[in-house]
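Notes follow once the structure below has been shown.
The values are calculated or read from the model by the stated rules, or taken from the named source; none is laboratory data. The shown structure was predicted, so the numbers you read here are calculated from the model rather than taken from an experiment. Neighbour counts run over all protein chains shown; Cβ positions are idealised from the backbone, glycine included. For the accessible areas, the whole protein counts, side chains as well, though only heavy atoms, and no ligand, DNA or RNA atoms are used. Shrake-Rupley method; radii C 1.70, N 1.55, O 1.52, S 1.80 Å.
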Amino acid sequence: MPLRKLFRKFYLEYHQRHACLSTVDSTTSTTDKAPTGGPVPQEGGHQGSPYRTVDDLPGPRRFPFIGTLLSWFIKREELHLLSVEKHSKYGKMYCEKLLDMTQVAVSDPKLFEEILRNEPKFPTRPCYPSWPRYRELRGYNRGLLTAEGDDWFRFRKAVGKRLLKPQLAASFDVVINEVVDDMIKHMRHMREKAGKDGVIMQLPFEMYKWSIESVSKVLFEKRLGCLQTEIPAMTQKFIDNVNTMLVTSERLFVLMELQEKYQTKWWRDHIRAWDGMFDVVRHLVDTRVAEIADKLENTTPDADEGMDFLTYLMATRSMDIKEIHSTMVDLMIGGVDTASNTICFACHLLANHPEEQRKLVQEVDSVLKGRVATAEDIPNLPVLKKVVKETFRLYPVVPINARMVTEEFVLEGYLIPKDSLLALGFYNVQRSDEYFERANDFIPDRWDRETAHDHHAFSVLPFGYGVRSCVGRRVALLELHLALIRIIQNFRLEPYDGFPLVPTCRGVLSPGQEVPVRFIDRGLGVTDLKDNHVTTQKAKQPMNLTAAAQ
Ligand code: HEM
């Protein structure tokens, strides 16, 4: 493969890794319609075209051959800040060339809306090349994260029906609460073990274990033991393999084919890590399938019956077992560091804003009166919802989303060519004084019912938007709300001086290894679920849980 092509491929993969969901995505957007807003210039067009070209857009200086690639390398852990820097210099829409790849960066809620509302029926998302390659080698289909066209649509329909219906998503509160219960016990243990005045060292890692455990229980009806003092060997192997897979995915950005051909250590580690992850997921799926085998024979899929996720997926008979294995791996990948990073950011913000924390404590204590919350309680906790939304605004785990352009289209009078990349600067908009007053301050009240609509609906999109948006968003919100309630019921949060929080952006926005928060025990001990145990059957009851899952 010629060197230039290899570099182009590297750039594409590099961008996808950093501009999209950690391990995940970017989305194709195609529309051949001229935008509804913005004049189509009659002057400045090229070769008789009424539109301007992307070369007419402002942008950073390009070096021969590499274009602006260097700045990406230098700031690869701060891509969110690089995006802010470039937008403040070149405006809402600029163009840069990375090798021969055109990237159009956009930072304006109206343009986000225009792009995202015009997606095709089956948006395709490019992904790490090593991911589909692994599946090809082992005879697996792509899973939900990376599948395309009809396959993606089929998987999305099956998974979405169980995870995205508000009432059904809300029915996961029982299993989520079970895991939150253990998380609180684990947090108590860790803060005592650290002996540092209530500080939980490596909070992000502890929260990571919580989110793996929680997603596993939701998806497989199985616990992995992440929150036990001694983590079972199989679980530890899974955690290690996820980490190795992610690290080596980055290293295989460059010259993947050659690395495969010469079986480099990174390549071998990568394949071994995937094998390990698939082993665990296959074991979890197959064990559950064996448990429900008898039931399955005569079961028809009825998500409304509150069926557990895997039983439902099997009963749809719309995915074969290998597609299910693949999709379950993808759901695990999509659901772990996203939720755990967000809860770390929320704890940090509350610790540093005692007044906001006080309002939240007051609301939680007065509404729940010391009992464990369920999904039904969430609509009655507006302060909680505002805190989570404001956390997403300040620390969006996906700070820059992206779309590949598969058909040329017109945006703001500029002809955006096929095969170029659209980078949607969410972080930049969310931190901009143009869209939010005192944009860098934590002000949950800006999301008050009366004032929330002052902000453009596309100015904060933590889960993306449209048909390819996050399929786990309702589960994620429920996890975050229930976990945060319980943390607040059990601990008072204080800042731990001397430790600054310095988020990095390697894929997803992460708080780093340590989050400087002290957890002071409130001594109320709200960890026992027995008092208000709810059953999965409640999904059948006619109650309005729509708001609860939003
Ligand atoms: C705070 C938590 C989470 C955040 C902020 C988040 C955010 C996102 C974003 C921004 C996307 C891309 C959307 C787009 O391109 O428009 C996405 C996709 C996805 N997420 Fe999440 N996510 C979270 C939790 C979860 C959970 C818990 C799961 C699984 C249960 C999950 C599974 C997925 C999957 C499978 C996709 C790809 C969907 C598709 O391609 O059809 N996510 N997520």
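Condition first: part of a helix (DSSP H, G or I) and either at pLDDT below 95 or under 18 Å from residue 410 (Cβ atoms) (or both). Now tell me which residues in segment 91-122 satisfy that. Selection gives 110, 111, 112, 113, 114, 115, 116, 117. With the structure loaded, tell me whether residue 87 is over 11 Å from residue 68 (Cβ atoms) and in contact with a Cys (Cβ under 8 Å, 6 or more places away or on another chain) or whether it fails that test. So residue 87 fails the test.
Taking the conditions exactly as written (open to solvent by 10 Å² or more (accessible area, probe 1.4 Å), assigned to a loop (DSSP other than H, G, I, E, B) and modelled with pLDDT of 95 or more), does residue 459 satisfy them or not? Give the derivation first.
On the way: open to solvent by 10 Å² or more (accessible area, probe 1.4 Å): no; assigned to a loop (DSSP other than H, G, I, E, B): yes; modelled with pLDDT of 95 or more: yes.
Considered against the rule, which asks whether it is open to solvent by 10 Å² or more (accessible area, probe 1.4 Å), assigned to a loop (DSSP other than H, G, I, E, B) and modelled with pLDDT of 95 or more, residue 459 comes out as no.
The set of residues from segment 345-382 being touching a Pro at 6+ places or on another chain (Cβ under 7 Å) and more than 16 Å from the ligand (Cβ to nearest atom) comprises 351, 352, 356. Report yes if residue 144 is surrounded by 22 or more Cβ atoms within 10 Å (Cβ to Cβ), in contact with a Lys or Arg (Cβ under 9 Å, 6 or more places away or on another chain), part of a helix (DSSP H, G or I) and modelled with pLDDT under 95, otherwise no. Taking the combined requirement at face value, the residue does not satisfy it. What residue, of 154, 135, 117, is of a type in the set (Lys, Arg) and open to solvent by less than 10 Å² (accessible area, probe 1.4 Å)? Result: 135 is the single residue among 154, 135, 117 that is of a type in the set (Lys, Arg) and open to solvent by less than 10 Å² (accessible area, probe 1.4 Å). Of all positions in segment 458-469, at least one carries a residue that is free of Cβ contacts under 8 Å to residues at least 12 places away in the same chain, closer than 30 Å to residue 51 by Cβ and within 13 Å of the ligand (Cβ to nearest atom).
The residues of segment 235-268 that are assigned to a helix (DSSP H, G or I) and over 25 Å from the mean Cα position of the chain (by Cα), listed by number, are 256, 257, 258, 259, 260, 261, 265, 266, 267, 268.
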